[in-house]
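So the structure is just underneath, and the comments pick up after that.
The values are calculated or read from the model by the stated rules, or taken from the named source; none is laboratory data. From a predicted model like this one, the values you see are computed outputs, not experimental measurements. Every residue, glycine among them, receives a Cβ derived from its backbone with ideal geometry; neighbour counts consider all protein chains shown. With ligands, DNA and RNA removed, areas are computed over all heavy atoms of the protein, side chains included. Shrake-Rupley method; radii C 1.70, N 1.55, O 1.52, S 1.80 Å.
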Amino acid sequence: LMSKATTTKGNTHKRTQKPQRKAYYDAGLVRKHLKYILDAFDVYHKQFNNKRYVYHYLAYGENRTQEIVFFKRNFMHLCGVVAYPGGSKAFYEDCRLRKLAVNKVGFGHRNHFQNKLKVIKQLKQLAQPQNIGITDGVICYKRTDFGTMIRTKEDILAIGTIEDRLTKQTVPLSLINVQVDRTQLRTLITNYICVDRLEIFDFRTGEAVN
């Protein structure tokens, strides 16, 4: 018989208050990477938006689970964008309508913005349990405590999670290009547990998604 799984509520961290990040604007740079953003949007909209992902894994002799819920408002931050008129939901809608205002996209750091967009389309691998692993325990990365990180087995990308203030659900906060930042992610690289199984549910209805 399978033992009862433990949900890793203890790994969920609330975001600490930080000064608002300064936004930089470069329409040419955004336009250059626009296809990356829109391609990533198509993946996110189809496979992640309003979905609850339940990752099952074995850690320290226990069957555990980690739930992550993906909302519209999370996509903008995964792209490395920190400012857009109307906020993250407007950013999402303009991506859907293919009318993103490139001159109004504010990013926090040029290199981080570009590094995220180089790998963001590979988000689709997070829906393939054979290709991903999980970190069981809190990871501090660039002054942010992430409750859990999900990462690809290959050095491609990782997603840091945190507790959503509105829903109290664990949500994706930051996308990390592991190829670039691997030296700063030694804990993530070594503390890696393979995912055994993945269940996906519609967050609104609770129904399982094939």
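Anything over 18 Å Cα to Cα? Flag those among LYS72/LYS153; LYS72/LYS121; LYS22/LYS121, in the order listed.
LYS72/LYS153; LYS22/LYS121
Run the Debye formula on the Cα coordinates of segment 68-123, all scatterers equal and no solvent, and tell me log10 I(q)/I(0) at q = 0.22, 0.24, 0.29 1/Å.
Listed by q, the Debye log ratios stand at -0.88, -1.03, -1.31.
By the scheme Lys and Arg +1, Asp and Glu -1, what is the net charge of all other residues having a beta-carbon under 13 Å from that of VAL102?
Within the 13 Å Cβ shell, the charges total +4.
Protein chains only, probe 1.4 Å: how do TYR24, TYR192 rank by accessible area, largest first?
So, going from the largest accessible area down, we get TYR24, TYR192.
What's the ranking of 199-207, 118-126 by average number of surrounding C-beta atoms within 10 Å, highest first?
118-126, 199-207
With a sphere of radius 14 Å drawn around the Cβ of ILE200, what net charge do the other residues whose Cβ falls strictly inside it have (Lys, Arg +1; Asp, Glu -1)?
Within the 14 Å Cβ shell, the charges total +2.
Can you tell me which of 26-35, 91-100 comes out highest on packing, and rank the rest after it, using the mean Cβ neighbours within 10 Å?
91-100, 26-35
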